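Participant: A single structure is presented below for examination.
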Amino acid sequence: MQSFQLIKPCLALAPYIRHYWILQDDSVTPVSERTLPIGCMQLVFHKGKQLLLSGESELQPQSFISGQSVGFSDVQSTGRIEMITVVFQPYAVKALFHIPSHLFHGQNVDTDAMEDVELSDLVKQVTDTSDNAVSIRLIEQFFLRRLYTLPEYNLKRMSAVFHEINLQPQINIAHLSETACLSSKQFGRIFADYVGTTPKEFIRIVRMQRALSMLQQDATIPFVQVAYECGFSDQSHMIKEFKLFSGYTPAEYLSVCAPYSDYFSEL
């Protein structure tokens, strides 16, 4: 039996955490899943069996922060699944953990490697708690304590930048630099520190997620229209990016997956 829950954070944490999700699956038959870049870093707690990274033949850490990446990965269950995942706002990890987010790029970083005593305590508490509602409360209490140490000035800049990215399918980095009131070089450095990737790479992720969102609403929309409305230069550009991010062309993707945008879907 499988159950999946999406949970909103408390109001004070909403600027930093998009949502939590809890997945439980008691199936003994291995289950495979392809994951795509969503534009948000995540904190994952495995309370059940860890997932196997199929391409690398190794297990995910028991708890880890997943960094930004371009490209897909395949994971497979190895037994009973019970996962709690914190999905952060794109710019929040640097503020909450005081570590440049680009250091997580393309990696699943074990929480034990972060030398964060409070985080290690949280991992133990969540792992030892059988009630997932209690686990969510513990996670929220942990992050609420961290709000008191946040530097506000760059968070406000990043918030303004993401408002523009989310609003405009076709956007250029010069405009985003101006929005942040920073030089191009300063903007690129601060963006990578907070978001974990370059502005150009992130815009590509959002463009892919926007296409998934359109197809989620209507899978019969012509691909040429999707390409135009999502900011791709043309349909062939969209097909190339789809292949890179998902391993499938758009037509192939629709034949094997129900399109869903983690970035643009609301609870």
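Participant: Pick out the one residue from I173, I205, I221, I190 that is in contact (Cβ under 8 Å) with a residue 40 or more places away in the chain and not small (G, A, S).
Facilitator: It is I205.
Participant: Could you list all residues from segment 41-56 that are more than 19 Å from S135 (Cβ to Cβ) and surrounded by fewer than 19 Cβ atoms within 10 Å (Cβ to Cβ)?
Facilitator: Of everything in segment 41-56, those that are more than 19 Å from S135 (Cβ to Cβ) and surrounded by fewer than 19 Cβ atoms within 10 Å (Cβ to Cβ) turn out to be L52, L53, S54, G55, E56.
Participant: For A133, state whether it is within 23 Å of the chain's Cα centre (by Cα), of a type in the set (G, A, S) and surrounded by 12 or more Cβ atoms within 10 Å (Cβ to Cβ).
Facilitator: On the way: within 23 Å of the chain's Cα centre (by Cα): yes; of a type in the set (G, A, S): yes; surrounded by 12 or more Cβ atoms within 10 Å (Cβ to Cβ): no.
When the stated conditions are applied, A133 does not pass them.
Participant: Taking the condition at negative phi and modelled with pLDDT under 95, does F97 pass?
Facilitator: Judged against the criteria, F97 is a match.
Participant: Right, next: Taking segment 30-40 as the search range and keeping residues that are surrounded by fewer than 19 Cβ atoms within 10 Å (Cβ to Cβ) and part of a loop (DSSP other than H, G, I, E, B), which one is nearest to the chain's Cα centre (by Cα)?
Facilitator: Checking each candidate, the answer is V31.
One line per residue, one yes/no per condition, for (1) at pLDDT below 95; (2) in a helix (DSSP H, G or I); (3) not assigned by TED's automatic domain parsing to the domain that holds G39:
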| residue | (1), (2), (3) |
| --- | --- |
| E118 | no, yes, no |
| V161 | no, yes, yes |
| I165 | no, yes, yes |
| L176 | no, yes, yes |
| I205 | no, yes, yes |
| Q209 | no, yes, yes |
| L215 | no, yes, yes |
| I221 | no, no, yes |
| V224 | no, yes, yes |
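Participant: Would you check if T78 is under 23 Å from P9 (Cα atoms) and surrounded by fewer than 19 Cβ atoms within 10 Å (Cβ to Cβ)? Working first, answer last.
Facilitator: Working: under 23 Å from P9 (Cα atoms): no; surrounded by fewer than 19 Cβ atoms within 10 Å (Cβ to Cβ): yes.
In short, no.
Participant: Of the residues L138, L182, which single one is more than 25 Å from F264 (Cα to Cα) and in a loop (DSSP other than H, G, I, E, B)? It would help to see each step written out before you state the result.
Facilitator: On the way: L138 fails: in a loop (DSSP other than H, G, I, E, B).
Of L138, L182, the one residue that is more than 25 Å from F264 (Cα to Cα) and in a loop (DSSP other than H, G, I, E, B) is L182.
Participant: Moving to a separate point now. Can you tell me how many residues within segment 41-75 are of a type in the set (D, E, K, R) and in a strand (DSSP E or B)?
Facilitator: Looking only at that region, the number is 2.
Participant: Quick one: in segment 1-29, which of the residues that are touching an Asp or Glu at 6+ places or on another chain (Cβ under 7 Å) and in a strand (DSSP E or B) is nearest to S69 (Cα to Cα)?
Facilitator: Looking at residues that are touching an Asp or Glu at 6+ places or on another chain (Cβ under 7 Å) and in a strand (DSSP E or B), I get Q24.
Yes/no matrix, rows are residues, columns are (1) touching a helix residue (DSSP H, G or I) at 6+ places or on another chain (Cβ under 9 Å); (2) among the aliphatic types (A, V, I, L, M); (3) within 20 Å of D262 (Cα to Cα):
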| position | (1), (2), (3) |
| --- | --- |
| L59 | no, yes, no |
| S63 | yes, no, no |
| F72 | yes, no, yes |
| A95 | yes, yes, no |
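Participant: Could you grab me the full set of residues in segment 226-267 that are touching a helix residue (DSSP H, G or I) at 6+ places or on another chain (Cβ under 9 Å), part of a helix (DSSP H, G or I) and surrounded by fewer than 15 Cβ atoms within 10 Å (Cβ to Cβ)?
Facilitator: Listed by number, the residues that qualify are E229, S236, H237, L244, A251, E252.
The values are calculated or read from the model by the stated rules, or taken from the named source; none is laboratory data. Keep in mind the model is a prediction, meaning the values are calculated, not measured. No Cβ is skipped: glycine too gets one built from the backbone with ideal geometry, and neighbour counts run over all protein chains shown.
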